[in-house]
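Have a look at the structure below, then the notes.
We did not get these values from a lab; they are worked out from the coordinates using the rules stated. These numbers come from a predicted model, not from an experiment. Glycine also receives a Cβ, built like all others from the backbone with ideal geometry; neighbour counts cover every protein chain displayed.
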Amino acid sequence: MSYTSFNPPVRTLMGPGPSDVHPRVLTAMARPTIGHLDPAFVAMMEEIKSLLQYAFQTGNALTIPISAPASAGMEACFVNLVEPGEKVIVCINGVFGARMQENIERAGGMAVVVEDAMGTPVSPDKLEDALKKHRDARIVAFVHAETSTGVLSDAKTLAEIARHRDCLTIVDTVTSLGGSPLKVDEWGLDAVFSGSQKCLSCTPGLAPLTLNDRAVDKIKKRKTRVQSWFLDLNLVMGYWGSGKRAYHHTAPINTLYGLHEALAMLQEEGLEHSWARHQHQHLALRTGIEAMGLSFLVKESVRLPQLNAVVMPEGVDEAVLRSRLLNDYNLEIGAGLGALAGKIIRIGLMGYGANMKNVMYCLEALEAVLADMRAPIRTGVAMNAAQSVAVLN
Ligand SMILES: Cc1ncc(COP(=O)(O)O)c(C=O)c1O
């Protein structure tokens, strides 16, 4: 068998991630590969650190991208901060909270689960109760933006509660970074990780991470060695730290060019503008979706603008809907996960993809296919309704 180049179809990515990658990012990634200890590359690494500090709104010195997907950022937090036998409170309101529990247990920790229903945010009261009951817990973990449902939890309040009980926080901001307000220092978040492929409009494969001094201090005082060699931050910082750099692993050079470009674009746009743009495009999409007679899983006050979970009308096979959108319109949207499989679709408006063109394209395609599937929707109104929401300047 002989093979030739792979040419992917050109899709519009409006699922839960990866999102559409900005052409500037793809162009940056095609630039010549240089050595990972080349002084020019090292200078660019410093810029990435500083741009990430801006994106996370932090002055933390330990602010770097881990050379692997966001799951590795999650794992880096748990393997470095949790020691065998330690009790960790983990708030679960969706698929990614449950993944955190797995991480705690695999790192030898004891997970105490605080559970909230899918589609609702993490309850500060339940966290408070758990901390009262488990006074020996030293870490609280939660997901800021639950991609499986499209819910935003109140990270500031949860971190305040944790700090009051002398606990560190581990926070998943994979879907929130760049898309929703996130203020690591002001909110007192201790260990925070994210991903490159959502609201940053970069390709998948990098996990931005930031740890404050409280978190670094806990790692320094560990009694046991970090079980993972690759994710041991003491070793990773030998390469990413500010002193003389030593080889740790060969950095994904061109992917880092892409992240640099994505972060520079975020800085050019301005973080606040990016947050407002996501909210605004959500408003346009929401207006169109509701005009069709469809509804959202999550109530507006805690809904993520970048992840829209839309409830499917009775009798509509969402798998058929998604495959028709993909095959006929080159439009990717996401399925429901876990208990929500078959019941919702997830429409992403992330990063570069959070624009009016995508909103209109999605509404048009959704309406056409749903109408053809004889779904009980109102036709001919969604686009005008979305258009009535003024374009953001
Ligand atoms: C909230 C959240 N956490 C973690 C992850 C894992 O990211 P990755 O697939 O890049 O490993 C995702 C991916 O969708 C996510 O949405």
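Dividing the helix sum by the residues of the chain, where each DSSP H run of 4 or more adds -39500 (n - 2.57), gives a mean residue ellipticity at 222 nm of -12500 deg cm²/dmol. Principal-axis analysis of the Cα atoms of the chain puts helix 253-269 at an angle of about 70° to the longest axis. Taking a straight line from the alpha carbon of residue 87, these lysines sit under 27 Å away, with near neighbours fewer than eight places off in the same chain left out: 126, 132, 133, 156, 183, 218, 220, 221, 223. The shape of the chain comes out oblate: with a ≥ b ≥ c from the C-alpha gyration tensor, a/c is at least 1.5 while a/b does not beat b/c.
With a cut-off of 14 Å between beta carbons, the residues surrounding residue 226 carry a summed charge of +3, where Lys and Arg count +1 and Asp and Glu -1.
The amide H of residue 293, built 1.01 Å from its N in the peptide plane, has 378 as neighbours under 5 Å, considering only residues 5 or more places off or on other chains.
Highest mean packing comes first when the peptides 19-32, 204-217 are listed by Cβ atoms within 10 Å, giving 204-217, 19-32. Taking other residues whose beta carbon is less than 9 angstrom from the beta carbon of residue 109, and scoring Lys, Arg as +1 and Asp, Glu as -1, yields -1. Taking the longest Cα principal axis of the chain as reference, the axis of helix 70-81 is set at about 30 degrees.
The dipole here belongs to the chain: it is taken about the Cα centre, uses +1 on the Cβ of Lys and Arg and -1 on the Cβ of Asp and Glu, and is about 620 debye. Note: relative contact order over the chain, using C-alpha pairs below 8 Å and six or more positions apart, is 23 percent.
Candidates 168, 182, 7 compared by Cα position along the dipole of the chain: farthest toward the positive end lies 168, with charges placed on Cβ. Taking a ≥ b ≥ c as the square roots of the eigenvalues of the Cα gyration tensor, the stretch 100-144 is oblate, since a/c reaches 1.5 or more and a/b is not larger than b/c. Computing FRET efficiency as 1/(1 + (r/R0)^6) for residue 244 and residue 24, where r is the C-beta to C-beta distance and R0 is 41 Å, gives about 0.80.
Close amide H partners of residue 113, meaning residues 5 or more places away or on another chain with modelled amide H under 5 Å apart, are 90. With an a/c value under 1.5 for the gyration tensor axes a ≥ b ≥ c computed over the alpha-carbon atoms, the stretch 277-387 is described as rounded. Label zone of residue 330 (point 7 Å out along Cα→Cβ, amide N under 20 Å): in the stretch 11-51 this covers 11-27. For residue 151, the residues 5 or more places off, or on other chains, whose built amide H falls under 5 Å of its own are 146, 304.
Each peptide among 275-285, 333-343 gets the average number of other Cβ atoms lying within 10 Å of its residues, and from highest to lowest they stand as 275-285, 333-343. In degrees, nearest 10, range 0 to 90: what is the angle between the Cα axis of helix 318-329 and the longest Cα principal axis of the chain? Taking the Cα atoms of the chain, the angle to 318-329 is about 80 degrees. Toward the positive end of the charge dipole of the stretch 1-144, with +1 on the Cβ of Lys and Arg and -1 on the Cβ of Asp and Glu, the farthest Cα among 108, 40, 79 is that of 40.
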